[in-house]
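Read the structure below first, then the notes.
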Amino acid sequence: MLKTVTRAPDVRDPLAAALVAAAAMAWLFTGDFGKEVLSEVAVFAIFAMSLDLLVGCAGLVSLGHAAFFALGAYAVAAFGVFVNLPMWMAMPLAVAVTAVAAAAAGFFAVRLGGVFFIMMTLAIGQMVYAFFLNSRAFNADDGMAGIGRVDFSFLALDSGEPAVFSAFAVCAAVAVFLLLRMVARSPFGHTLAALRRNEPRLRSLGCPVLRCKLAAFTLAGALAGFAGALAAQHNGFISPDLAFWTVSGEVLVMVIVGGMGSLSGAALGAALVILLRHHLAGLTEFWVFYLGVLFVLMVLFAEGGVAGMLSRLPRKLHRRGGNV
Amino acid sequence: MFEARGLKKSYGALAVVRGVSLSVAAGERHGIIGPNGAGKTTFFNLLSGEAAADAGEVCMDGINLGKSPPDARARAGLGRSFQHNSLFAGLTVAENLAIAIAQRKKLYKIFWRGFLSRTEVFAEALDRAHRLGLGAQAHTRAAHLSHGAMRQLEIGLTLALRPKVLLLDEPTSGMSPEETAAIKNLIRRLPEELALLVIEHDMDVIFDLASHITVLDYGEVLMRGAPAEVRASPAVRARYLGMG
Ligand SMILES: Nc1ncnc2c1ncn2[C@@H]1O[C@H](COP(=O)(O)OP(=O)(O)OP(=O)(O)O)[C@@H](O)[C@H]1O
Ligand SMILES: [Mg+2]
């Protein structure tokens, strides 16, 4: 009986499997530079998936998500450099700090609907940017260098090696994917999806919509903080630019290009945008322009982004096969 | 059981609800009638918390609901349906009902186990779909239903809350005679102790179901009484039934 209620399984999990396979291939067959790119993709995949929980699942479009990415990066740097904690401790602490900050910011933001929510998140992001830009402790606009990486010496591995760090980053991305997929499939996740579809009705059915939105905002912020903590270790350097609104915009583009509401789509979007950036940036100064063109085309012609296109593919092939 | 005292609401210069009081006992079937624009829906919005009252209060089981939001009122046992369908259009009938049931069971607190493995929720959803007369369409998306079926689902979502006080805003509007009869049956089979407030333009439905009737006009109570009294009242006949 249950079978009849649930929809056919969607093809986005094969996409996740394909992404993991592609990451494994990249790890095996590229040099150090390729592995640096792989780490970057994994970090931004985490960042984009965390935003997809808000945008794709709950329908909350945030233009300030980079604030939490930057907070995670700055917090891990503060714990690592100022307090001298090992990264294994600095990372969870940074995530906790970001979660608290996201809960505080969310407390104000989730009360606002539609465009006001977007403006509020934008303002929060720019406030965080301005704060780091002016903070002496963090060297203001010069940023801060000398951030270490997690220590894998107990496994006789050196995380300074691109091979080691990229493997760690990919594993972290897979873990975040599994965590967010569990949340999306839970009653809470389905409630968020219903909230996106019809918030007033859900509220009149007794759902504490503000609390649910706050929980989603906090979890998404904490995971963006985790991505930021990884980015700080990957680059060894942080600057206020991490929080700038264009970073929030870029991660939103990743989510939309990949396919809103699909976690693996968001990860794919992160990979596409970052690979495009590396390739196009070498060829033309106007790569952002081409990215913009791609974005507009996706929004106009590809509902559900690349993941949506892929999910319609089997049906199309099937139809064509039937005609022959 | 349920009581509203001196509710007022203005939109700008327009006083839409002008001091309406009403009390409904457990088990009472209370009809609200009045011409278009009388403020009936706005009155419901004040009761359910969808709109904030300028003055007056709403009490349930002797507890003042104050400024509590609609979701808190729903959890306290106040369920309402909407005059203009408010559904989860992209979800099927069964999924719509499952979402409503999940809210009643407060499952939104659970973020680890899968929702679709909650067999009891989906079994109840299918059962409710059947009892609503939507069994054959249980797996049809709400957006693809006929108008009458949407109205049935609209009411079904509210009933899935198992409310103690139920507000129905024109449940049979736009329905065929058969669908209207089905809704009447559905309302008759509601739990005995439930307090029902129903806005309705179909006089046959209201005189048939209601034990008490309140007539609203220009945001005020024009008259209140048993169906026979209301039907016989010259004022109501002149103003509303158009039989002066
Ligand atoms: N949000 C609002 N803003 C401004 N005016 C409103 C609002 N809601 C209702 N009104 C006005 O209040 C008046 C009463 O509206 P209401 O919907 O309560 O009437 P009603 O009795 O339910 O009518 P109907 O029988 O047509 O459903 C109308 O003139 C309407 O235009
Ligand atoms: Mg109305």
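Among the residues of the stretch B:188-244, those identified as hydroxyl-bearing (Ser, Thr, Tyr) and at pLDDT 90 or above are B:SER211, B:THR214, B:TYR218. Return the residues of the stretch A:174-188 that are facing chain B (nearest Cβ under 7 Å) and touching a Cys at 6+ places or on another chain (Cβ under 8 Å); say none if nothing qualifies. Within the stretch A:174-188, A:PHE188 is the sole residue that qualifies.
So, in the stretch B:17-32, of the ones that are closer than 15 Å to B:ILE206 by Cβ and in contact with a helix residue (DSSP H, G or I) (Cβ under 6 Å, 6 or more places away or on another chain), which residue ends up nearest to ligand 2 (Cβ to nearest atom)? Among them, the one singled out is B:ILE32. Of the residues making up the stretch B:1-37, those that are of a type outside the set (A, V, I, L, M, F, W, C), within 16 Å of the chain's Cα centre (by Cα) and open to solvent by 20 Å² or more (accessible area, probe 1.4 Å) are B:GLU3, B:SER23, B:GLY27, B:GLU28, B:ARG29. When each of A:VAL170, A:VAL95, A:VAL100 is tested for being under 19 Å from A:ALA229 (Cβ atoms), of a type in the set (Val, Ile, Thr) and surrounded by fewer than 18 Cβ atoms within 10 Å (Cβ to Cβ), the lone residue that passes is A:VAL100. When you scan the stretch B:24-33, do you find a residue that is touching an Asp or Glu at 6+ places or on another chain (Cβ under 6 Å), more than 16 Å from ligand 1 (Cβ to nearest atom) and aliphatic (A, V, I, L, M), even just one? So far as the stretch B:24-33 goes, yes, one or more of its residues are touching an Asp or Glu at 6+ places or on another chain (Cβ under 6 Å), more than 16 Å from ligand 1 (Cβ to nearest atom) and aliphatic (A, V, I, L, M).
Restricted to helices (runs of 4 or more DSSP H) entirely inside the stretch B:142-244, those with at least 2 residues that are closer than 30 Å to B:LYS106 by Cα are B:147-159, B:177-188. Would a scan of the stretch B:63-70 turn up a residue that is open to solvent by 30 Å² or more (accessible area, probe 1.4 Å), away from chain A (no Cβ under 14 Å) and either at pLDDT 95 or above or within 11 Å of ligand 1 (Cβ to nearest atom) (or both)? No, the stretch B:63-70 contains no residue that is open to solvent by 30 Å² or more (accessible area, probe 1.4 Å), away from chain A (no Cβ under 14 Å) and either at pLDDT 95 or above or within 11 Å of ligand 1 (Cβ to nearest atom) (or both).
Of the helices (runs of 4 or more DSSP H) lying entirely inside the stretch A:105-207, those containing at least 2 residues that are touching a Pro at 6+ places or on another chain (Cβ under 7 Å) span A:114-133, A:199-204. B:ASN36 falls short on exactly one of the conditions (1) more than 14 Å from ligand 2 (Cβ to nearest atom); (2) over 30 Å from A:ARG211 (Cα atoms); (3) assigned to a loop (DSSP other than H, G, I, E, B), and that condition is (1). When B:LEU159, B:LEU186, B:LEU190 are checked against the criterion of being buried (at least 21 other Cβ atoms within 10 Å of the Cβ) and either away from chain A (no Cβ under 14 Å) or not small (Gly, Ala, Ser) (or both), a single residue qualifies: B:LEU159. Condition first: away from chain A (no Cβ under 11 Å) and away from ligand 1 (no atom under 16 Å from the Cβ). Can you find one or more residues in the stretch B:45-57 that meet it? Yes; the residues of the stretch B:45-57 include at least one that is away from chain A (no Cβ under 11 Å) and away from ligand 1 (no atom under 16 Å from the Cβ).
Considering B:GLN137, B:GLN152, the condition of being touching an Asp or Glu at 6+ places or on another chain (Cβ under 8 Å) and open to solvent by 10 Å² or more (accessible area, probe 1.4 Å) is satisfied by B:GLN152 alone. Selection of the stretch B:196-223 for residues being without any contact (Cβ under 8 Å) to a residue 40 or more places away in the chain and either among the acidic types (Asp, Glu) or within 14 Å of ligand 2 (Cβ to nearest atom) (or both) yields B:ASP202, B:ASP204, B:ASP208. When you look at B:ALA4, is it closer than 22 Å to B:MET223 by Cα and either of a type in the set (A, V, I, L, M, F, W, C) or within 13 Å of ligand 1 (Cβ to nearest atom) (or both), yes or no? Yes, satisfied. Quick one: is A:PRO200 within 12 Å of another protein chain (Cβ to nearest Cβ), crowded, with 18+ Cβ neighbours inside 10 Å and at pLDDT 90 or above? The answer is no for A:PRO200. Looking at the stretch B:110-133, can you tell me whether even one residue there is open to solvent by 10 Å² or more (accessible area, probe 1.4 Å), facing chain A (nearest Cβ under 10 Å), within 16 Å of A:ARG203 (Cβ to Cβ) and more than 16 Å from ligand 1 (Cβ to nearest atom)? For the stretch B:110-133, residues open to solvent by 10 Å² or more (accessible area, probe 1.4 Å), facing chain A (nearest Cβ under 10 Å), within 16 Å of A:ARG203 (Cβ to Cβ) and more than 16 Å from ligand 1 (Cβ to nearest atom): absent.
The values are calculated or read from the model by the stated rules, or taken from the named source; none is laboratory data. Note that the coordinates shown come from a computational prediction; the quantities given were computed from them, not determined experimentally. We place every Cβ from the backbone using ideal geometry, glycine too, and count neighbours over all the protein chains shown. Please note that ligands, DNA and RNA were not included when accessible areas were found on the heavy atoms of the full protein model with its side chains. Shrake-Rupley method; radii C 1.70, N 1.55, O 1.52, S 1.80 Å.
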